[in-house]
1. Can you find even one residue in region 69-89 that is part of a helix (DSSP H, G or I), over 17 Å from Glu23 (Cα atoms), hydrophobic (A, V, I, L, M, F, W, C) and in contact (Cβ under 8 Å) with a residue 40 or more places away in the chain?
2. Suppose we filter Ser76, Ser97 for residues that are among the polar types (S, T, N, Q), open to solvent by less than 70 Å² (accessible area, probe 1.4 Å) and touching a helix residue (DSSP H, G or I) at 6+ places or on another chain (Cβ under 6 Å); which single one remains?
3. Considering region 11-40 alone, what residues qualify as being of a type in the set (S, T, N, Q) and under 13 Å from Ala75 (Cα atoms)?
4. In region 100-116, what residues are out of contact with any Lys or Arg (no Cβ under 7 Å at 6 or more places or on another chain) and open to solvent by 80 Å² or more (accessible area, probe 1.4 Å)?
5. Pairs only if they're at least six apart or on different chains, beta carbon under 7 angstrom, first in region 23-35 and of a type in the set (Asp, Glu) and part of a helix (DSSP H, G or I), second open to solvent by less than 70 Å² (accessible area, probe 1.4 Å) and at pLDDT 95 or above; list them, first residue then second.
6. Can you confirm whether Asp49 is assigned to a loop (DSSP other than H, G, I, E, B) and either within 14 Å of Asp13 (Cβ to Cβ) or in contact (Cβ under 8 Å) with a residue 24 or more places away in the chain (or both)?
7. Show the residue pairs that are 6+ apart or on different chains and have beta-carbon atoms under 7 Å apart, the first residue being within region 109-136 and closer than 12 Å to Met30 by Cα, the second being surrounded by 11 or more Cβ atoms within 10 Å (Cβ to Cβ) and hydroxyl-bearing (Ser, Thr, Tyr).
8. What about Trp56, is it modelled with pLDDT under 95 and either assigned to a strand (DSSP E or B) or loosely packed, with under 15 Cβ neighbours inside 10 Å (or both)?
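The values are calculated or read from the model by the stated rules, or taken from the named source; none is laboratory data. Here the structure is a predicted model, which is why all the values come from computation and not from measurement. As a convention, Cβ positions derive from the backbone with ideal geometry for all residues, glycine included, and neighbour counts pool all protein chains shown. These area figures cover heavy atoms from the full protein model, side chains too; ligands, DNA and RNA do not enter into them. Shrake-Rupley method; radii C 1.70, N 1.55, O 1.52, S 1.80 Å.
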Amino acid sequence: MAECYHPDVSFSDPIFLMLKGAEASGMWRMLVSRGKDLELTLLEASADDDGGRATWEARYTFSQTGRPVVNRIQASFAFRDGLIVRHVDRFPFWKWSRQALGRLGLLFGWSWPLKAMMRKKAAASLDQFMAKYPQH
């Protein structure tokens with residue numbers, strides 16, 4: 001995925017709100033390196049010269065809780081110079097949090113404080129990963 005990104009790429013999803021350039025590529029490197037059982041399945045896709053859409057499914061064990069997750073994602077892309085310059089993933093945070101966090105996600109997955117906590121943890125993890133494994 002990282003190799004498909006334009007150097008000026010922006011990425012956003014319900015957890016990583018706005019990553020730019022090397023951060024977006026770093027996020028994929030981090031997720032793949034930590035996701036020992038990560039399975040990504042492309043369910044459908046369409047594109048033209050300007051952009052595209054895809055539906056894909058991620059299956060993995062959430063490393064913080066050891067809980068299994070099946071997440072269906074709607075992605076949209078904009079292209080520049082034959083590469084992805086904007087990537088937005090959409091999925092229901094509450095559904096994801098129920099699976100990843102169990103009872104905590106079930107009870108509070110709809111709430112802003114839980115979303116903010118998960119976003120903060122994800123950003124800190126990405127910062128630590130990129131400091132330890134800088135992109136060349």
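1. Taking region 69-89 first, the residues part of a helix (DSSP H, G or I) are none.
Checked against the condition, which is being part of a helix (DSSP H, G or I), over 17 Å from Glu23 (Cα atoms), hydrophobic (A, V, I, L, M, F, W, C) and in contact (Cβ under 8 Å) with a residue 40 or more places away in the chain, region 69-89 yields no hits at all.
2. On the way: Ser76 fails: touching a helix residue (DSSP H, G or I) at 6+ places or on another chain (Cβ under 6 Å).
So the residue among Ser76, Ser97 that is among the polar types (S, T, N, Q), open to solvent by less than 70 Å² (accessible area, probe 1.4 Å) and touching a helix residue (DSSP H, G or I) at 6+ places or on another chain (Cβ under 6 Å) is Ser97.
3. Pass one, region 11-40, residues of a type in the set (S, T, N, Q): 12, 25, 33.
Selection gives Ser12 alone.
4. Pass one, region 100-116, residues out of contact with any Lys or Arg (no Cβ under 7 Å at 6 or more places or on another chain): 101, 103-104, 107-108, 110-116.
Of everything in region 100-116, those that are out of contact with any Lys or Arg (no Cβ under 7 Å at 6 or more places or on another chain) and open to solvent by 80 Å² or more (accessible area, probe 1.4 Å) turn out to be Arg103, Leu107, Phe108, Trp110, Trp112, Pro113.
5. Pairs that qualify, where the first residue is of a type in the set (Asp, Glu) and part of a helix (DSSP H, G or I) and the partner is open to solvent by less than 70 Å² (accessible area, probe 1.4 Å) and at pLDDT 95 or above, are Glu23/Leu126.
6. Working: assigned to a loop (DSSP other than H, G, I, E, B): yes; either within 14 Å of Asp13 (Cβ to Cβ) or in contact (Cβ under 8 Å) with a residue 24 or more places away in the chain (or both): yes.
Yes, satisfied.
7. Partner pairs satisfying both residue conditions: Gln135/Ser25.
8. Details: modelled with pLDDT under 95: no; either assigned to a strand (DSSP E or B) or loosely packed, with under 15 Cβ neighbours inside 10 Å (or both): yes.
It is false that Trp56 is modelled with pLDDT under 95 and either assigned to a strand (DSSP E or B) or loosely packed, with under 15 Cβ neighbours inside 10 Å (or both).
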